[in-house]
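Undergrad: Got a structure for you, questions after.
The values are calculated or read from the model by the stated rules, or taken from the named source; none is laboratory data. These numbers were taken from a predicted model, which means no experiment stands behind them. Glycine gets a Cβ as well: all are built from the backbone with ideal geometry, and neighbour counts include every protein chain shown.
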Amino acid sequence: MKHVPRFYTAAELCDGGKVSLLPDQLRHATAVLRLSVGDMVRVFNSPWGEWICEIIDAQRGALKCISMLKKCFNETGPAVACTLINPKRFDFFLEKVTELGVSEIIPIVSQRSNYKNINLRKAEQKIIQACEQSQRLSIPTLREVMKLKDFLPKYSSNYRILVGDEKFSKLKLSDVIREKCVFLVGPEGGFTDEEYKLFSIYKDLHKFTIGSTILRSETAAISFVSVWRDKFS
């Protein structure tokens, strides 16, 4: 069976409805995939599901919805807060946690963060591409960059915050994980003593051991989300 490319759209999807590819999507469809009028693509979003569409104008990227392939449904997942790391590794983190089904991604600046900001537009594109590849319907929410001291009070009232800690905790992730939680991933070198003191203020922040080896930030995030997915999805 011929591969049918898959693209995200924010537009309403309905029988006979018209939608358009975004400029980057159009370039990929025509210049890379060599699609033309009459070829089929799949488009999707969480409110309207996934549809098979026919290209009716290749120059403008115009599509016509032909039939629904998949109805919308509730895709649930944990939230992940990750301190900013090397941009290439952060892109890898975004791609993998999106594929694993996270619902929300919060970039964090901590005391040992070597980076203070990200290109949000580029990061959103990376997330959308991961959704297109992994057959997701919903796009995880990407938050603005937050300082750790602002993140903790904002999220502690609604989430159980979980922090991997190779130094002090004897609890395992399975001991503290809950369906509604946010994983807080530290920077290279870990959190500072001052930040650990800050953690102690919040009653629903729980530290757990990640084993005897030190994991990279992106590896820790993948490990955390995989455990959540195995238990709750």
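Undergrad: Out of everything in region 75-94 that is charged (D, E, K, R) and touching a residue at least 12 places away in the same chain (Cβ under 8 Å), what residue ends up being surrounded by the most Cβ atoms within 10 Å (Cβ to Cβ)?
TA: Filtering region 75-94 for residues charged (D, E, K, R) gives 75, 88-89, 91.
Narrowing further to those that are touching a residue at least 12 places away in the same chain (Cβ under 8 Å): 75, 89, 91.
On the way: E75: 15, R89: 16, D91: 18.
Restricting to residues being charged (D, E, K, R) and touching a residue at least 12 places away in the same chain (Cβ under 8 Å), the top hit is D91.
Undergrad: Can you name the residue in region 136-155 that is farther than 21 Å from T219 by Cα and in contact with a Lys or Arg (Cβ under 8 Å, 6 or more places away or on another chain) and, of all such residues, is surrounded by the fewest Cβ atoms within 10 Å (Cβ to Cβ)?
TA: Taking the candidates together, the pick is M146.
Undergrad: Can you pull out every residue in region 1-51 that is buried (at least 17 other Cβ atoms within 10 Å of the Cβ) and among the aliphatic types (A, V, I, L, M)?
TA: Those that are buried (at least 17 other Cβ atoms within 10 Å of the Cβ) and among the aliphatic types (A, V, I, L, M): L13, V19, L21, L26, A29, L35, V41, V43.
Undergrad: While we're here: Quick check on region 95-115. Is at least one of its residues over 26 Å from Y202 (Cβ atoms), surrounded by 13 or more Cβ atoms within 10 Å (Cβ to Cβ), acidic (D, E) and not assigned by TED's automatic domain parsing to the domain that holds V43?
TA: Yes - at least one qualifying residue is present in region 95-115.
Undergrad: Taking K70 and the conditions (1) more than 30 Å from R160 (Cβ to Cβ); (2) in contact with an Asp or Glu (Cβ under 8 Å, 6 or more places away or on another chain); (3) at pLDDT 95 or above, which numbered condition does it fall short on, given that it satisfies the others?
TA: (3)
Undergrad: Could you please let me know if T98 is part of a helix (DSSP H, G or I) and of a type in the set (S, T, Y)? Don't jump to the end; show me each part of the working.
TA: Working: part of a helix (DSSP H, G or I): yes; of a type in the set (S, T, Y): yes.
Answer is yes for this residue.
Undergrad: Would you check if V80 is modelled with pLDDT of 95 or more, within 22 Å of E104 (Cβ to Cβ) and of a type in the set (A, V, I, L, M)?
TA: Details: modelled with pLDDT of 95 or more: yes; within 22 Å of E104 (Cβ to Cβ): yes; of a type in the set (A, V, I, L, M): yes.
In short, yes.
Undergrad: Find the strands (runs of 3 or more DSSP E) located wholly in region 1-51 whose residues include 1 or more that are more than 29 Å from T76 (Cβ to Cβ) and of a type outside the set (G, A, S), and list them.
TA: Working: elements: 6-8, 18-20, 40-45.
In region 1-51, the matching strands (runs of 3 or more DSSP E) lie at 18-20, 40-45.
Undergrad: Among the residues of region 113-132, is there at least one that is within 16 Å of V225 (Cα to Cα), modelled with pLDDT of 95 or more and more than 10 Å from the chain's Cα centre (by Cα)?
TA: no
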